[in-house]
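*Asks:* Sharing a structure with you now.
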Amino acid sequence: MNETAGLEIDKPKPIAQIRKTRPEVVQAVDELLETCTDRPCTDRQVAERLNECGYKNWKGQSFTFKKLIVIRKAYGLRGRYERLRARGLRTTEEMAQQLGVGPVTIGHWGRDGILRRQPYDNHHRYLYKPLDPAEPLPRKGAHKRKAAHATVRPTTLSLSLSRKGRGYLAYT
């Protein structure tokens, strides 16, 4: 009895198909980048949120901001900078030119809350919301005046002598 048995197996998927990012992950990345308007949502934070939701890449690894950048570029998704610019946010230089001050002043005003800003990357770079025409324009030195109104704790200066007879001043 010479019977031969046939064995049928499915053809393996091409490696490009295996490595392809799942559509639900690409959609989640796009939604996270688009819906984060009230809080920072940089590539790093999107990667963290994907990991919190349990998404993994094709190797079963967690996402990093570098892997997220690769996904964005491969699928033509706009980054946070492009999305904020499309909403009308301005660069430091544009705001400085509009207000007639230097870029450093714009940075101070943003840090102190005088201007509203949104971070757009992982290196503490910001875009600024344009001023409402009804709002008064900030004046140069506004961040210094704000700090000047802070309460000051009274201190006393005392002179003390060390064992060797040397005096030193101390604030208490």
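The values are calculated or read from the model by the stated rules, or taken from the named source; none is laboratory data. Bear in mind the structure is a predicted one, so any value in this text is a computation, not a measurement. Using ideal geometry, Cβ is built from the backbone for each residue, glycine included, and neighbour counts are taken over all protein chains shown.
*Asks:* Looking at 32, 131, 77, 115, can you tell me which residue is of a type in the set (A, V, I, L, M) and assigned to a helix (DSSP H, G or I)? So that I can check it myself, show each step before the final result.
*Replies:* On the way: 131 fails: assigned to a helix (DSSP H, G or I); 77 fails: assigned to a helix (DSSP H, G or I); 115 fails: assigned to a helix (DSSP H, G or I).
Exactly one of 32, 131, 77, 115 is of a type in the set (A, V, I, L, M) and assigned to a helix (DSSP H, G or I), namely 32.
*Asks:* So is residue 68 in contact with an Asp or Glu (Cβ under 9 Å, 6 or more places away or on another chain), surrounded by 11 or more Cβ atoms within 10 Å (Cβ to Cβ) and closer than 19 Å to residue 117 by Cβ or not?
*Replies:* Numbers: in contact with an Asp or Glu (Cβ under 9 Å, 6 or more places away or on another chain): yes; surrounded by 11 or more Cβ atoms within 10 Å (Cβ to Cβ): yes; closer than 19 Å to residue 117 by Cβ: no.
No, not satisfied.
*Asks:* A further question on this structure: Determine whether region 99-119 contains at least one residue that is out of contact with any strand residue (DSSP E or B) (no Cβ under 7 Å at 6 or more places or on another chain), at pLDDT below 90 and under 30 Å from residue 19 (Cβ atoms).
*Replies:* Within region 99-119, none of the residues are out of contact with any strand residue (DSSP E or B) (no Cβ under 7 Å at 6 or more places or on another chain), at pLDDT below 90 and under 30 Å from residue 19 (Cβ atoms).
*Asks:* Pairs only if they're at least six apart or on different chains, beta carbon under 6 angstrom, first in region 102-115 and within 16 Å of residue 137 (Cβ to Cβ) and in the same structural domain as residue 126 (by TED's automatic domain parsing), second in a helix (DSSP H, G or I) and small (Gly, Ala, Ser); list them, first residue then second.
*Replies:* These pairs meet every condition: 102/96; 106/96; 114/142.
*Asks:* If residue 86 satisfies every condition in (1) over 28 Å from residue 123 (Cα atoms); (2) under 20 Å from the mean Cα position of the chain (by Cα) but one, which is the exception?
*Replies:* Status for residue 86: all satisfied but (1).
*Asks:* Which of the following residues is under 25 Å from residue 65 (Cβ atoms) and not assigned by TED's automatic domain parsing to the domain that holds residue 46: 99, 89? Write out each step before concluding.
*Replies:* Working: 99 fails: under 25 Å from residue 65 (Cβ atoms).
That would be 89, the only listed residue that is under 25 Å from residue 65 (Cβ atoms) and not assigned by TED's automatic domain parsing to the domain that holds residue 46.
*Asks:* A further question on this structure: Across region 14-42, what is the total count of residues that are modelled with pLDDT under 80, surrounded by 10 or more Cβ atoms within 10 Å (Cβ to Cβ) and of a type in the set (Lys, Arg)?
*Replies:* The qualifying residues number 1.
*Asks:* Does region 79-89 contain any residue that is out of contact with any His (no Cβ under 6 Å at 6 or more places or on another chain), free of Cβ contacts under 8 Å to residues at least 24 places away in the same chain and of a type in the set (A, V, I, L, M)?
*Replies:* Among the residues of region 79-89, at least one is out of contact with any His (no Cβ under 6 Å at 6 or more places or on another chain), free of Cβ contacts under 8 Å to residues at least 24 places away in the same chain and of a type in the set (A, V, I, L, M), which makes the answer yes.
*Asks:* Follow-up question, since we're still on this one. Could you figure out which of (1) assigned to a loop (DSSP other than H, G, I, E, B); (2) under 21 Å from residue 123 (Cβ atoms); (3) not hydroxyl-bearing (Ser, Thr, Tyr) isn't true of residue 48?
*Replies:* (1)
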